[in-house]
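Every number here is computed from the coordinates shown, using simple stated rules; none is lab data. Treat the numbers as computed from the prediction; the structure is a model and nothing was measured. Here Cβ is always computed from backbone atoms with ideal geometry, including for glycine, and neighbour counts include all displayed protein chains.
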Amino acid sequence: MIPLASILFEVVRNGATALSVQFLTGTPALVTLPTGNAALAGGIAVSIEGTLVLMGLTAVIAVPIGLLAGVYLAEFGDNRFGRSIRFLNDVLSEFPSIVIGILVYSILVVGLRVGFSAFAGGVALSIIMLPIVTRTTEESIKLVPRSVRDAAMALGIRKWRATISVVLSTARSGVVTGALLSVARISGESAPLLLTIGTSSYFLSGLNQQVDALPVRIFLLSSENYVSGAQQQGWGAALILIVLVLCLNLAVRIATRGKYGAVRSRI
Amino acid sequence: MGLPRVSILATTEEAAPAKRAEDKVSDTFLQKLKGFSSDDLFEFLATSIGSLVLVILIVTSVVLTRGSLAVFGKFGFGFLTGTDWNTSLGSESYGALPYILGTLVTAGIAISVGILISLGIAIFLSEMAPSFLRSPLSQVIELLAAVPSVIYGFWGLFVFRFWVRDYLETPLSTYLGWIPAFHGTATGYDILTAGLVLSIMIIPTVSSVSKETMMAVPSSQREAAYSIGATRWEVVKLGVLRYGRSGIFGAAILGLGRAVGETMAVTMVIGGTPGPYVLPTSLLKGGVTLSSLIATEFGDATGIHLSALFGLGIVLFLFALVINVFARLMVWRVFKVTGGIVE
Amino acid sequence: MTLGIQVDKELKAENTKPILISRPVEPLKIQTDKLNAWFGNNHVLRDVSLRIKENHVTAIIGPSGCGKSTLIRCMNRMHELVPQAKVSGAVLLDDANVYAKGVDPVSVRRKIGMVFQKPNPFPTMSVYDNVAAGLKLNGERDHARLDRAVKRSLDLAFLWEEVKHELDKSGSSLSGGQQQRLCIARALAVEPEVLLMDEPCSALDPIATAKIEELITNLKDQYTVVIVTHNMQQAARVSDYTAFLYLGQLIEYGDTTNLFENPKEELTERYLTGKFG
């Protein structure tokens with residue numbers, strides 16, 4: 001409780017002083033202070049854009065795959081192989097994210113010569129998000145009563161149609177809850193991004209281009225402590241990131257209050 | 001009405017008239033092929049996508065093994081036991097021991113502090129909290145889990161570090177400095193701070209899993225304890241903690257797994273530079289962990305240096321694999337038993 | 001009109017009890033032949049051979065756990081959806097064995113519809129979509145045709161007048177009795193030939209029950225109805241034929257009036273007079 005309160009308090013207190021229109025919309029810049037020292041100014045719009053792009057890209061990759069994998073576990077996973085997959089899925093969901101970074105670096109960035117890019121970052125985040133979406137989808141599908149499934153089967157509907165149009169549609173709010181909460185979670189990931197997205201001070205011109213992201217920016221700013229203004233920018237970036245993550249979380253939690261406990265406990 | 005009505009049920013082999021097959025094997029194969037419906041395709045597709053997680057884990061282990069072949073080829077097991085970390089071309093030397101130990105020590109601090117707080121929270125939530133407090137409190141704990149790790153790191157570096165330095169480390173080094181573990185100057189930029197930040201980060205995981213385990217303890221266990229005249233605390237101790245201990249243990253191991261793999265927050269507050277000096281002999285010294293070293297050096301590494309980082313990766317991978325498999329098995333077992341599902 | 005007798009002869013196997021057929025000229029819609037069913041090692045149906053006549057209501061009665069529901073779930077191949085469930089024997093729909101090799105269970109279920117014990121409308125769909133679901137998900141896109149099918153089915157289920165102005169409302173917002181009639185309409189919309197009803201009134205109050213019984217009687221001009229019930233009065237009220245099942249075996253089957261007034265088997269009599277069950 002105390003840590004959470006302190007984190008929120010400090011982030012808001014210090015971050016608020018950094019906020020300005022220029023901070024939210026500008027690109028990073030160095031200015032020379034009247035004292036002659038260089039100071040960090042400008043804004044972090046590039047990082048905000050990068051984080052939003054990465055979130056979108058990740059959702060586009062991970063949600064469909066995770067949905068189908070969740071359907072597999074719920075509908076066909078009641079056997080030895082299915083149980084092993086469920087187990088490995090749980091193991092993967094707790095895996096050190098930096099290892100995923102190494103994986104994507106080797107396969108995509110270097111192996112397939114994609115290079116440091118938004119795409120590589122999106123894939124890395126997708127691998128982190130995939131097991132979560134899979135499990136939340138499975139849990140939501142399992143909440144659909146047997147009777148609904150029976151009704152669909154008794155109408156002579158093909159199982160795949162019944163699964164997509166009846167079962168998933170009944171489970172949709174749970175599925176959406178899971179997907180949104182996992183997007184919120186990966187939006188704060190930084191370790192795998194260090195190894196995959198490179199860095200950029202310009203707005204994105206393509207998914208194969210290097211990109212910046214809020215969590216990575218915060219990390220870099222924390223180590224550029226010697227430049228004046230860096231720490232303040234870091235707090236500002238942290239404020240934006242935490243607002244993004246917590247708003248998404250709070251909104252979802254309030255909208256689904258008291259429901260989908262099984263789904264939420266998977267995040 | 002005299003005509004027999006022949007109902008035609010659609011069959012999946014309508015299109016191809018049945019053929020007498022020469023032998024049994026091809027017969028069943030043919031039938032399988034003909035009987036292949038859109039549902040089978042769906043099942044096949046879902047199963048392949050479901051298996052992706054298996055592919056990911058296999059590919060990860062292959063990539064890490066291939067990447068680290070060079071460093072293990074050159075240094076053999078000395079890579080695991082060595083303490084040198086010299087990246088200058090020509091005199092390169094890589095030993096991972098300080099970082100392996102750094103990871104273990106920080107995770108160890110995290111788990112020993114984290115488990116105490118988490119258990120307190122879990123007991124409070126499952127046994128003592130009035131019901132109107134339960135839900136909001138669990139929500140707050142869940143929010144704690146949602147805070148990005150880089151923010152924990154930033155906060156740790158610019159706020160928490162000074163609390164640790166002033167209220168914990170300064171007294172420790174002043175009064176207990178003669179113990180090797182507390183040698184050094186209190187800077188707050190060290191292993192102890194990293195471990196404590198980690199302990200805060202794992203609280204949500206450990207407390208929510210332990211809470212669920214405790215909630216799963218059948219009320220008959222509690223009633224049994226009450227019926228022999230136990231106090232509230234004794235009920236928790238006898239009925240709940242003992243009954244749910246393997247689940248709580250599993251939760252702790254799960255937390256350990258998170259702590260071992262956590263990168264950013266640790267990297268930001270642990271404050272050491274690689275080399276023999278960061279062998280974690282004192283908690284008040286800067287340290288380096290497996291993941292923090294990968295995070296800081298991966299960007300500029302090439303050749304054998306890069307291979308050495310892959311080597312760290314494989315050690316981390318194995319740690320995480322063993323810990324998580326173990327933890328999942330523990331947690332699963334508890335829920336299987338208490339859930340009444342017998343397999 | 002000779003078909004019923006022909007098939008009858010063909011099917012007569014040594015173990016099958018001779019079955020009273022009061023009106024042998026009427027065509028048979030469903031015949032089960034030595035039907036056995038299992039849940040895992042639990043043998044729940046034993047050699048059930050039953051002939052169900054077209055355009056009549058057949059009731060299946062018996063104490064709970066006697067395999068009534070399993071019997072009708074075998075008829076439209078719903079039984080096999082339960083993990084570890086097994087079936088042997090044959091179920092003939094008209095003359096075709098629904099368990100023959102290569103028969104697609106989905107096509108069987110399209111011809112044999114089912115209504116369940118508890119009303120189970122699709123919770124996220126509107127009244128209209130619930131009724132249209134079977135057609136839509138089988139590829140029907142023509143709106144006029146869907147509209148017609150929805151109205152026709154709701155009419156048959158005696159629900160049209162009550163919901164015609166709220167077709168967009170969620171299916172689960174209706175009352176329990178209305179929900180069950182919605183489920184009946186949903187099953188009728190795909191134009192099955194047979195309607196199986198698994199204790200359709202067990203969750204409903206007497207008024208809702210009366211309405212459903214009335215519509216069942218109304219349905220038999222167009223459909224063959226098989227209804228499972230634990231309520232003997234209900235069987236007597238709605239059905240033309242009644243089958244009494246006990247411990248997975250068919251004990252007696254015949255004209256409802258005959259069976260209720262002078263049962264041939266002692267077990268039937270004891271059940272009907274409430275001596276066990």
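For trypsin sites (Lys or Arg not before Pro), the sites in region C:79-120 that DSSP calls loop and that have at most 11 other Cβ atoms within 10 Å are C:101.
Bridges between two residues of chain C, per DSSP, are antiparallel at a rate of about 60%. Of the residues B:126, B:38, B:291, the one that moves most in a GNM of chain B with alpha-carbon contacts below 10 Å is B:38. Sorting B:157, B:133, B:104 by the number of Cβ atoms found within 10 Å of their own Cβ, with the fewest placed first, yields B:133, B:104, B:157.
Annotation: the antiparallel percentage among DSSP beta bridges lying fully within the protein assembly as shown is about 65. Each residue in B:58, B:304, C:216 was given a count of other beta-carbon atoms within 10 angstrom of its own, and listing them fewest first yields B:58, B:304, C:216. If you wrap the tightest convex hull around every Cα atom of the protein assembly as shown and split its volume per residue, you get 229 Å³.
Put a dot 7 Å past the Cα of residue C:88, heading toward its Cβ, do the same for residue C:172, and the two dots end up 4.2 nm apart. All distinct Cα pairs of region A:45-213 go into the 1/r average, and the inverse of that average, the Kirkwood radius, is 16.9 Å. In this simple spin-label approximation, residue B:80 and residue B:232 carry label points 7 Å from Cα along the Cα→Cβ vector, and these lie 5.0 nm apart. Whole-Hz Karplus values for region A:224-236 come out as 9, 4, 6, 8, 6, x, 5, 5, 5, 5, x, 5, x Hz, taken residue by residue from phi with 6.51 cos²θ - 1.76 cosθ + 1.60 and θ = phi - 60°; glycine and proline positions read x.
Cross-link pairs exceeding 28 Å between alpha carbons, from the set C:169/C:220; C:29/C:86; C:151/C:211; C:68/C:101: C:169/C:220. When the charge dipole of chain C is built from unit charges on Cβ atoms (+1 for Lys and Arg, -1 for Asp and Glu) and taken about the Cα centre, the candidate among C:28, C:99, C:75 whose Cα reaches farthest toward its positive end is C:99. Per-residue mean of foreign Cβ neighbours for A:5-14 is 4 (Cβ atoms of other chains, 10 Å radius). Distances over 18 Å make up what percent of all Cα-Cα pairs in region B:262-316? Of all Cα-Cα pairs in region B:262-316, 32 percent lie more than 18 Å apart.
The amide H of residue C:59, built 1.01 Å from its N in the peptide plane, has C:227, C:240, C:241, C:242, C:243 as neighbours under 5 Å, considering only residues 5 or more places off or on other chains. Within region A:157-242, the chymotrypsin sites (Phe, Trp or Tyr not before Pro) that combine a DSSP coil assignment with at most 14 other C-beta atoms in a 10 angstrom radius are A:202, A:203, A:226. May I ask for the distance between the Cα centers of region C:150-177 and region A:222-236, given as a whole number of Å? Region C:150-177 and region A:222-236 have Cα centres spaced 64 Å from each other. Neighbouring Cβ atoms from other chains, within 10 Å of the Cβ of residues in A:65-76, number 5 on average. If you plug the beta carbon distance of residue C:100 and residue A:146 into 1/(1 + (r/R0)^6) with R0 = 22 Å, you get a FRET efficiency near 0.20.
Per residue of A:101-111, other chain Cβ atoms within 10 Å of the residue Cβ number 5 on average. Charges were assigned to the Cβ only: +1 to each Lys and Arg, -1 to each Asp and Glu. The resulting dipole of region A:45-213 about its Cα centre is roughly 640 debye. Among the trypsin sites (Lys or Arg not before Pro) within region B:210-299, not one is in coil by DSSP while having at most 10 neighbouring Cβ atoms inside 10 Å. Dipole check for region B:98-342: with +1 at the C-beta of Lys and Arg, -1 at the C-beta of Asp and Glu, and the Cα centre as origin, the magnitude is about 680 Debye.
Of the options A:130, A:103, A:144, report the single residue whose Cα projects farthest towards the positive end of the charge dipole of region A:45-213 (beta-carbon charges: Lys, Arg +1; Asp, Glu -1). Of the options given, the answer is A:144.
Size descriptors for region B:98-342, from the alpha-carbon set: Rg then Dmax equal 20.0, 68 Å. Using a cutoff of 8 angstrom between alpha carbon atoms and counting only pairs six or more residues apart, the relative contact order for chain B works out to 24 percent.
Once each of the trypsin sites (Lys or Arg not before Pro) sitting in a DSSP loop with at most 12 other beta-carbon atoms within 10 Å is removed, chain A keeps A:114-256 as its longest stretch. Taking label points 7 Å from Cα along the Cα-to-Cβ direction, residue A:20 and residue C:41 give a separation of 8.0 nm. Counting neighbouring beta carbons within 10 Å and listing from fewest to most, the residues C:155, B:190, C:47, C:168 come out as C:168, C:155, C:47, B:190. About the centre of its Cα atoms, the protein assembly as shown shows a dipole size close to 580 debye [charges on the beta carbon of Lys, Arg (+1) and Asp, Glu (-1) only; nearest 20 debye].
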